[in-house]
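Student: Quick one: structure below, then a few questions.
The values are calculated or read from the model by the stated rules, or taken from the named source; none is laboratory data. Bear in mind that the values here come from a model prediction, so they are computed numbers and not experimental data. Counting neighbours? That spans all protein chains shown, and the Cβs are built from the backbone with ideal geometry, glycine included. These accessible areas exclude ligands, DNA and RNA; they are computed on the full protein's heavy atoms, side chains included. Shrake-Rupley method; radii C 1.70, N 1.55, O 1.52, S 1.80 Å.
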Amino acid sequence: MDQPSLAEEKADLRKRCYASRMAVDAEQAAAAALAVAEGVSRLIDIDDGMVVSAYWPLPGELDPRPALALLSDRGAAPALPRTVGDG
């Protein structure tokens, strides 16, 4: 029997990781996002107007919005990437 290729192994790992992330319930996800927010706010020194970049979370991704809110409260200016559709 042939061994799977590296690309096949990576695809399988991505599927398993995605399934694992999607299995996290909303309460656990919110607690994790808050814990990260508290850690980030302790680690980053913020100067007024300092730009802090982030991403808008997709399903199964850690939600950075609580961290952005805490940093914004301390004077940071949150920034998200702008995406443009086809055409």
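Student: Which angle between 0 and 90 degrees, to the nearest 10, do you get for helix 26-43 versus the longest principal axis of the chain when only C-alpha atoms count?
Tutor: Between the helix axis and the principal axis of the chain, the angle is about 50 degrees.
Student: Could you calculate the contour length gain from LEU58 to TYR18, that is, 0.36 nm times the residue separation minus the distance between their Cα atoms, to one decimal place in nm?
Tutor: Full-extension gain reported as 13.3 nm.
Student: Each residue of segment 53-64 in turn: what ³J(HN,Hα) in whole Hz from Karplus with 6.51, -1.76, 1.60 and θ = phi - 60°, glycine and Pro shown as x?
Tutor: Those phi angles translate into 8, 8, 9, 8, x, 9, x, x, 9, 4, 8, x Hz.
Student: Right, something else. In deg cm²/dmol and to the nearest 500, what is the mean residue ellipticity at 222 nm of the chain if only DSSP H runs of at least 4 residues count, each as -39500 (n - 2.57), divided by the residue total?
Tutor: Using -39500 (n - 2.57) per qualifying helix, the result is -16500 deg cm²/dmol.
Student: Further question on the same structure: Over segment 1-79, what percent of the accessible surface lies on carbon and sulfur atoms, probe 1.4 Å? Please report the intermediate quantities before stating the final value.
Tutor: Details: 3540 of 6040 Å².
Answer for segment 1-79: carbon and sulfur cover 59 percent of the accessible area.
Student: With labels modelled as points extended 7 Å from the Cα through the Cβ direction, what inter-label distance (nm, one decimal) is found for GLU38 paired with SER72?
Tutor: Each label point lies 7 Å from its Cα, and together they span 2.1 nm.
Student: Now a separate question. Please state the equivalent ellipsoid semi-axes for segment 14-65: what are the square roots of 5 times the Cα gyration tensor eigenvalues, largest first, in whole Å?
Tutor: Working: eigenvalues 135, 32, 14 Å².
Working through the eigenvalues yields semi-axes of 26, 13, 8 Å.
Student: Taking the solvent-accessible surface of protein heavy atoms with a 1.4 Å probe, what is the per residue accessible area of segment 17-67 in Å²?
Tutor: Normalised by residue count, the accessible surface of segment 17-67 is 72 Å².
Student: Amide H neighbours of ALA77 under 5 Å, counting only residues 5+ apart in sequence or on other chains, H built in-plane at 1.01 Å?
Tutor: GLY49, MET50, VAL51, VAL52
Student: Hey, got the dipole for the chain? About the Cα centre, +1 on K and R Cβ, -1 on D and E Cβ, debye to the nearest 20?
Tutor: 60 debye
Student: Taking just the alpha carbons, could you work out the radius of gyration and Dmax for the chain, both in angstroms?
Tutor: 17.6, 61
Student: Step through the residues of segment 69-80 one at a time and calculate ³J(HN,Hα) from phi using the Karplus curve (6.51 cos²θ - 1.76 cosθ + 1.60, θ = phi - 60°), rounding each to whole Hz and writing x for Gly and Pro.
Tutor: Those phi angles translate into 5, 4, 5, 5, 4, 8, x, 6, 10, x, 9, 10 Hz.
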